[in-house]
Amino acid sequence: MSLTPDIKSNRLSNEVISDNFSDMKLPLTNKQVLVASERCLFCYDAPCIDACPTGIDIPLFIRKINTGNVHGAAKEILSANILGGSCARVCPTETLCEEACVRNSCEEAPVEIGRLQRHAVDNLDTTLPYPFTRSANTGKHVAIVGAGPAGLACAHQLARNGHQVTIYEAASKSGGLNEYGIALYKLVDDYTQKEIEFVLKIGGIDIKYDQALGRDVTLNQLRGSYDAVFIGIGMSDTNALNIPGEELSGVEDAVDYIRDLRQEEQLENLPVGRKVIVIGAGMTAIDIAVQSKKLGAEEVTIAYRRAQSAMGASIHEQELALKNGVNFVCNAQPKQIIGSASGITSMEFNKTILDDTGKLTGTDDIISINCDVVFKAIGQKFEGSPLGNDEKPALCQRGRIAVNDHYQTSLEDVFAGGDCINGKDLVVEAVDHGNKAALAIHQRLSNNKNSKQQA
Ligand SMILES: Cc1cc2nc3c(=O)[nH]c(=O)nc-3n(C[C@H](O)[C@H](O)[C@H](O)COP(=O)(O)OP(=O)(O)OC[C@H]3O[C@@H](n4cnc5c(N)ncnc54)[C@H](O)[C@@H]3O)c2cc1C
Ligand code: SF4
């Protein structure tokens with residue numbers, strides 16, 4: 001007799017789950033810090049700086065750590081990237097700064113830049129004055145939509161330059177995917193909220209919660225009331241598979257489940273499928289697969305329509321999934337999900353091949369996998385129509401907001417950054433966009449002596 005759908009909570013004990021979700025990368029000990037910082041060659045034209053989207057002066061902060069000035073190192077990091085603490089924890093450093101480190105070529109192991117960065121930021125001396133000051137009030141007021149990494153970075157830079165900032169945030173907490181999306185074992189102990197507290201200490205930033213663009217406020221209203229607008233709303237909705245069975249109970253959006261997981265205090269209470277299929281090939285697919293395993297799912301399979309080498313997730317992330325017992329089934333294109341009103345029992349795929357022109361085609365070979373739950377992790381899109389129907393920024397081909405080199409949209413007073421524009425969809429990239437947009441907004445406002453009155 002089939003035991004499916006087998007979805008239940010308490011698959012593992014509270015103790016085992018707590019252990020499974022503990023900090024994935026432990027902080028370095030003082031001795032390890034010394035050894036790691038000694039390995040830096042303090043390269044001239046250091047390639048690691050170019051590989052960091054926020055351009056942190058890596059050799060400089062490592063030298064400061066090495067000479068005992070950890071507070072100075074933290075200031076150096078935070079002045080380039082105010083979310084340097086979370087980036088040290090969540091950045092795929094193996095494909096960014098650490099991949100570029102010259103130590104790879106002579107010793108096959110890079111300097112542990114990410115962990116040194118974490119050491120510095122975690123040891124910022126909070127008994128000293130806040131490391132940043134606000135310039136004199138400019139009398140200009142900027143609206144930011146979205147309190148995710150892009151919006152927060154933009155807000156901090158604008159506040160430093162003396163502008164007043166009001167953030168409109170659809171959710172009831174700040175942080176965006178740092179709060180609701182990143183795998184729990186990468187950001188533990190409510191780190192995101194502590195980091196945001198630090199960001200807001202600059203002053204001049206007001207956050208209006210439960211205020212969604214397109215629902216509670218329109219772009220036209222913001223443009224009428226503020227001197228400039230920055231949009232950092234990410235992409236909150238998941239793309240559809242568009243196959244039969246997608247509407248059945250047991251088929252879920254990975255990002256929705258991760259959001260619930262991140263807000264749940266008793267993780268053992270979460271319902272978990274015994275057999276789980278994840279559709280996707282990026283960071284979200286890896287995260288939901290690994291977290292399902294850590295919650296006690298017995299069999300977790302990531303199914304992807306192309307070859308494993310074409311996956312968006314880095315080799316390091318794929319290895320993490322393998323280490324956690326996740327299976328990969330590649331060249332498998334979703335065909336249908338089988339089940340009834342009570343739940344799902346299996347999913348079918350067409351095996352794919354690449355034809356002579358390099359086009360992916362589904363064949364008649366069917367792969368069938370039993371499952372209780374299917375997670376969709378095939379990319380994000382805008383939730384509803386946040387930009388409204390009035391005059392709105394032009395979109396690019398992928399349906400995201402189009403911007404120029406200064407993160408300015410087709411509307412000259414509206415800027416955008418983070419996941420809602422084209423990019424690599426990383427926290428550190430979102431911070432970089434927010435920083436650069438803030439600079440462009442600051443320059444624009446500095447050239448314009450008039451300011452808009454607030455309603
Ligand atoms: C599951 C998952 C795991 C990830 N893991 C990693 C990782 O390990 N490392 C990494 O570097 N990156 C990771 N990423 C990517 C990273 O989280 C994003 O690139 C980053 O958060 C983008 O920042 P953002 O500010 O553009 O958008 P978001 O973080 O999405 O923030 C957008 C904010 O805007 C708000 N908002 C949305 N719509 C509206 C509206 N209409 N009105 C007002 N506010 C609105 C949202 O509530 C949210 O607070 C992951 C993403 C996902 C989905
Ligand atoms: S590339 Fe490596 S060795 Fe050179 S400065 Fe950067 S971290 Fe140090």
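The values are calculated or read from the model by the stated rules, or taken from the named source; none is laboratory data. All values derive from a computational prediction rather than experimental measurement. Positions of Cβ are backbone-derived with ideal geometry, glycine not excepted, and every protein chain shown enters the neighbour counts. Protein only, heavy atoms only, side chains kept; ligands, DNA and RNA dropped before computing areas. Shrake-Rupley method; radii C 1.70, N 1.55, O 1.52, S 1.80 Å.
Within the stretch 220-244, residues that are in contact (Cβ under 8 Å) with a residue 12 or more places away in the chain reach partners that are surrounded by fewer than 18 Cβ atoms within 10 Å (Cβ to Cβ) and hydroxyl-bearing (Ser, Thr, Tyr) with beta carbons closer than 7 Å, at six or more positions or on different chains, in the pairs Asp227/Ser451. Arg89 meets the stated requirement of being within 13 Å of ligand 1 (Cβ to nearest atom), open to solvent by 10 Å² or more (accessible area, probe 1.4 Å) and under 18 Å from Gln32 (Cα atoms). Filtered by the rule that a residue be in contact with a Leu (Cβ under 9 Å, 6 or more places away or on another chain), of a type in the set (Asp, Glu) and not in a helix (DSSP H, G or I), the stretch 237-290 gives a lone residue, Glu264.
Here is a check on your reading of the model: is Ile167 among the hydrophobic types (A, V, I, L, M, F, W, C), within 11 Å of ligand 1 (Cβ to nearest atom) and not in a loop (DSSP other than H, G, I, E, B)? So Ile167 passes the test.
When the criteria are applied in full, Gln291 fails the requirement of being out of contact with any Pro (no Cβ under 7 Å at 6 or more places or on another chain), over 25 Å from Leu248 (Cβ atoms) and in contact (Cβ under 8 Å) with a residue 24 or more places away in the chain. Here Phe21 meets the list (1) open to solvent by 20 Å² or more (accessible area, probe 1.4 Å); (2) within 16 Å of ligand 1 (Cβ to nearest atom); (3) aromatic (Phe, Trp, Tyr) almost entirely, failing just condition (1). Inside the stretch 63-84, can you point out the residues that are over 22 Å from Val427 (Cα atoms) and either touching a residue at least 40 places away in the same chain (Cβ under 8 Å) or in contact with a strand residue (DSSP E or B) (Cβ under 9 Å, 6 or more places away or on another chain) (or both)? Matches in the stretch 63-84: Lys64, Ile65, Val70, His71. All of (1) touching a residue at least 60 places away in the same chain (Cβ under 8 Å); (2) closer than 19 Å to Ser236 by Cα hold for Met347 with one exception: (2).
Across the stretch 102-120, what is the number of residues that are among the small types (Gly, Ala, Ser) and within 16 Å of ligand 1 (Cβ to nearest atom)? Final tally of qualifying residues: 1.
Of the helices (runs of 4 or more DSSP H) that lie entirely inside the stretch 1-66, those containing 1 or more residues that are away from ligand 2 (no atom under 11 Å from the Cβ) span 14-20, 30-38, 58-66.
Are any of the residues in the stretch 115-127 at pLDDT 95 or above, more than 16 Å from ligand 2 (Cβ to nearest atom) and farther than 27 Å from Pro59 by Cα? The answer is no; no qualifying residue exists.
Suppose we filter Ser410, Ser385 for residues that are among the hydroxyl-bearing types (Ser, Thr, Tyr), open to solvent by 10 Å² or more (accessible area, probe 1.4 Å) and either in contact with a helix residue (DSSP H, G or I) (Cβ under 9 Å, 6 or more places away or on another chain) or modelled with pLDDT of 95 or more (or both); which single one remains? Only one candidate qualifies: Ser410.
Can you name the residue in the stretch 195-209 that is part of a loop (DSSP other than H, G, I, E, B) and open to solvent by 40 Å² or more (accessible area, probe 1.4 Å) and, of all such residues, is farthest from Pro131 (Cα to Cα)? So, considering only residues that are part of a loop (DSSP other than H, G, I, E, B) and open to solvent by 40 Å² or more (accessible area, probe 1.4 Å), the one farthest from Pro131 (Cα to Cα) is Tyr209. A search for C-beta distances below 8 Å between a residue of the stretch 308-332 that is in contact (Cβ under 8 Å) with a residue 60 or more places away in the chain and any residue that is part of a loop (DSSP other than H, G, I, E, B) and surrounded by 15 or more Cβ atoms within 10 Å (Cβ to Cβ), counting only pairs 6+ apart in sequence or on different chains, returns Ser314/Pro92; His316/Pro92; Glu317/Pro92. The set of residues from the stretch 312-337 being modelled with pLDDT of 95 or more, assigned to a loop (DSSP other than H, G, I, E, B) and buried (at least 16 other Cβ atoms within 10 Å of the Cβ) comprises Asn324, Val326, Cys330, Asn331.
Before we move on, is Ala281 more than 16 Å from ligand 2 (Cβ to nearest atom), at pLDDT below 95, open to solvent by less than 50 Å² (accessible area, probe 1.4 Å) and over 14 Å from the mean Cα position of the chain (by Cα)? Yes; evaluated as a whole, the condition is true for this residue. Filtered by the rule that a residue be open to solvent by 40 Å² or more (accessible area, probe 1.4 Å) and in a helix (DSSP H, G or I), the stretch 291-311 gives Lys293, Gln308, Ser309, Ala310. Restricting the stretch 410-422 to residues that are in a loop (DSSP other than H, G, I, E, B) and under 22 Å from the mean Cα position of the chain (by Cα), the residue that is farthest from ligand 1 (Cβ to nearest atom) is Asn422.
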